[in-house]
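Have a look at the structure below before the remarks.
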Amino acid sequence: MSAAWVLGKRALREGRRTPDALLPTLFIPLFFLVVNVGQAAKIFPAASTEFLHGQGYGAFQLPSSLLLAASFGTAALFLVEEIEGGYFDKLRASPVPRSAIVLGRLIAELVKAVAITTVLVLLGLAFGISIASGPVGFVLLVALTALWAVVFVGFMQIIALKTRSAAATNSAGLVFFPLLFLTPNFVPRDLLTRPMEIAATLNPVTYVMEALRSLILEDLEWGTIAPGFAVVLALGAVMLALNVRVIQRYD
Amino acid sequence: MSSQPGRRLDSRTTDEGDDVAGVVELDRHAAVEAQGLVKHYPGVEAVRGVDLRVQAGEVFGFLGPNGAGKSTTVRMLTTLLSITEGSARVAGHDVARDPDAVRRAIGVALQEAGLDPRQTGRELLELQARLFGMSAQTAAGRARELLALVELEDAADRRIKGYSGGMKRRLDLASALVHEPEVLFLDEPTTGLDPASRLTVWDEVRRVNDRGTTVFLTTQYLEEADQLCDRLAIIAGGRIVREGTPARLKAELRERRGLAAEPTLDDVFLDATGRTRDRVAGDVQEVSA
Ligand SMILES: Nc1ncnc2c1ncn2[C@@H]1O[C@H](COP(=O)(O)OP(=O)(O)OP(=O)(O)O)[C@@H](O)[C@H]1O
Ligand SMILES: [Mg+2]
């Protein structure tokens, strides 16, 4: 575990020293937030739209932006770079558990995602969004988003280890991306058309988004929050198992 | 040519004066031992049955033309690549069965210097030391020593991205030494170095060897092999074609060809890899045999 932590600190340093790779994760989600709210806010006035629970449309849209920020997977590209540059072999030739090499990066991703999510939520607060579930809800909001980021990067990392190619890892990211939009992105699930509703119901991201949304719009609704965490934990377990397996068989 | 266990046994007996109880006795002194090592990549038989024995304390040179299988062999011996067939022991541990024990005992500098461009030289060495279990404080001290050793103190706190090729190679060498390994693997450690840096690396190889580290190095420079190596093997097409001390390989060629003058290691290399050099009116031509 200590090796994973040492490697995690190094991955964080790498992130800090590449702000140009980090800044888009902050600005692109903000851009979408502003644009989506600007386009749809008039359709959903706060006073007469039941699913907004008295808040503005921005509060409803914030989870989409949080998930978008958590689904860039830049860290996986650093891993490809490390494989191509040979440093990955240097790490593999040292007596640390193989799992520490992948875990280190995931730990760093968790820390990074907590920071980015916190900044985004605080910006939201500054623009009048409130967290209806209070301080506990705030913590859960940040935790759930950050865990999603770790799961997402973890899957990208598997692609990186398998393909060892930046191009392939990038396009894998594009394959995952639609999952973010096959969700109740603009309106709650029960207002979607039937095919969309089916797609959203099958899509695990939906439950993460609904959990985040309920934390912002309602008091602690465990019935909605729990499925979000369950999805992240289940996918996280699969992701971890695959990561460890792939790096142990790396040749 | 296959290896000659009989001769080596004899020379060891006379060198060290202890009686040879047999294979077990020999094994204890072998820092690297490979039997029938084979590596197949999809569509390529890169290594086709390599037998090697490097005694503890030796500087062992591994020579061969491009694509002969040197790096592939090194990567198998350093646990980085799975072994298709055969077996290998490094520092007394089976490479396939106990890779972690091997990793604790070896230092590795591969052909492509594996460095992280976003760290500074100091950070890289400190991290490497931490990975070998040193405390943060010990690691910092060790990094300082090594930076001095490879003359990178001035660049220590700059990002590696801005290092020159030679600086990177020296840093890579330093990072292979953090834990004073029992066996040091260097894949072409001096390729691309200026003459002064090359001498620094040679000095460093001799110094770590004096302190008891076995060195396994590949090189394209026959002069380097002649200067540094106690013994060497030449690999061509994935098979070992010569093995012995530089002096014995030269003497063997001289005898076999009935040459008047002492051949150079270049001649041995060309002969071993199936090429000859004809001197015609001062021109040097390489001709495929
Ligand atoms: N990852 C790989 N996949 C497929 N073939 C490979 C791979 N790595 C090496 N080879 C092939 O294996 C053979 C041996 O390569 P290797 O790198 O071991 O040679 P080398 O002796 O180190 O050469 P050089 O002096 O050029 O470094 C070559 O034919 C090479 O093309
Ligand atoms: Mg090579």
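The values are calculated or read from the model by the stated rules, or taken from the named source; none is laboratory data. It should be emphasised that the depicted structure is a prediction, and the values quoted were computed from it without experimental measurement. Methodologically, a virtual Cβ is constructed for each residue, glycine included, from the backbone with ideal geometry; neighbour enumeration extends over all protein chains shown. Note: areas computed on protein heavy atoms with side chains; ligands, DNA, RNA excluded. Shrake-Rupley method; radii C 1.70, N 1.55, O 1.52, S 1.80 Å.
Within the range B:169-192, the set of residues being assigned to a loop (DSSP other than H, G, I, E, B) and either within 16 Å of ligand 1 (Cβ to nearest atom) or free of Cβ contacts under 8 Å to residues at least 12 places away in the same chain (or both) comprises B:Glu188, B:Pro189, B:Thr190, B:Thr191, B:Gly192.
The residues listed here are A:Arg13, A:Arg17; of these, the one that is open to solvent by 40 Å² or more (accessible area, probe 1.4 Å) and in contact with a Lys or Arg (Cβ under 6 Å, 6 or more places away or on another chain) is A:Arg17. Out of B:Gly86, B:Gly61, one residue alone is at pLDDT 95 or above, away from chain A (no Cβ under 13 Å) and within 16 Å of ligand 2 (Cβ to nearest atom). It is B:Gly61. The set of residues in the range B:211-228 that are open to solvent by 10 Å² or more (accessible area, probe 1.4 Å) and either assigned to a loop (DSSP other than H, G, I, E, B) or within 16 Å of B:Phe185 (Cα to Cα) (or both) comprises B:Arg211, B:Gly212, B:Thr213, B:Gln220, B:Tyr221, B:Leu228. Before we move on, is A:Leu66 more than 20 Å from the chain's Cα centre (by Cα), over 18 Å from B:Asp116 (Cβ atoms), open to solvent by less than 30 Å² (accessible area, probe 1.4 Å) and more than 14 Å from chain B (Cβ to nearest Cβ)? Taking the combined requirement at face value, the residue does not satisfy it.
On inspection, B:Ala148 qualifies as in a helix (DSSP H, G or I), open to solvent by 20 Å² or more (accessible area, probe 1.4 Å) and more than 14 Å from every other protein chain (Cβ to nearest Cβ). Residues that are in contact (Cβ under 8 Å) with a residue 60 or more places away in the chain and within 16 Å of ligand 1 (Cβ to nearest atom) do not occur anywhere in the range B:207-214.
The single condition among (1) touching a helix residue (DSSP H, G or I) at 6+ places or on another chain (Cβ under 6 Å); (2) facing another protein chain (nearest Cβ under 10 Å) that A:Tyr87 does not satisfy is (1).
If only residues of the range B:75-117 that are of a type in the set (Ser, Thr, Tyr) and open to solvent by less than 50 Å² (accessible area, probe 1.4 Å) are counted, the one that is nearest to ligand 1 (Cβ to nearest atom) is B:Thr78. Does B:Ala156 count as within 13 Å of chain A (Cβ to nearest Cβ), modelled with pLDDT of 95 or more and surrounded by 14 or more Cβ atoms within 10 Å (Cβ to Cβ)? No; evaluated as a whole, the condition is false for this residue.
Within the range B:53-69, the set of residues being touching a Leu at 6+ places or on another chain (Cβ under 8 Å) and open to solvent by 10 Å² or more (accessible area, probe 1.4 Å) comprises B:Arg53 only.
Kindly provide the set of residues from the range B:110-131 that are more than 9 Å from chain A (Cβ to nearest Cβ) and either β-branched (Val, Ile, Thr) or within 28 Å of B:Arg48 (Cα to Cα) (or both), ordered by number.
The one that is more than 9 Å from chain A (Cβ to nearest Cβ) and either β-branched (Val, Ile, Thr) or within 28 Å of B:Arg48 (Cα to Cα) (or both): B:Thr120.
Taking the condition open to solvent by 30 Å² or more (accessible area, probe 1.4 Å), within 14 Å of ligand 1 (Cβ to nearest atom) and within 14 Å of another protein chain (Cβ to nearest Cβ), does B:Thr72 pass?
Values: open to solvent by 30 Å² or more (accessible area, probe 1.4 Å): no; within 14 Å of ligand 1 (Cβ to nearest atom): yes; within 14 Å of another protein chain (Cβ to nearest Cβ): yes.
When the stated conditions are applied, B:Thr72 does not pass them.
The range A:23-95 holds helices (runs of 4 or more DSSP H) entirely within its bounds, and those carrying 1 or more residues that are over 30 Å from B:Val178 (Cα atoms) map to A:57-69, A:74-85.
When B:Leu249 is tested against (1) more than 13 Å from the chain's Cα centre (by Cα); (2) in a helix (DSSP H, G or I); (3) within 22 Å of B:His29 (Cα to Cα), only condition (3) is not met. Checked against (1) within 15 Å of ligand 1 (Cβ to nearest atom); (2) modelled with pLDDT of 95 or more; (3) in contact with a Leu (Cβ under 9 Å, 6 or more places away or on another chain), B:Glu33 passes all but a single condition, namely (1).
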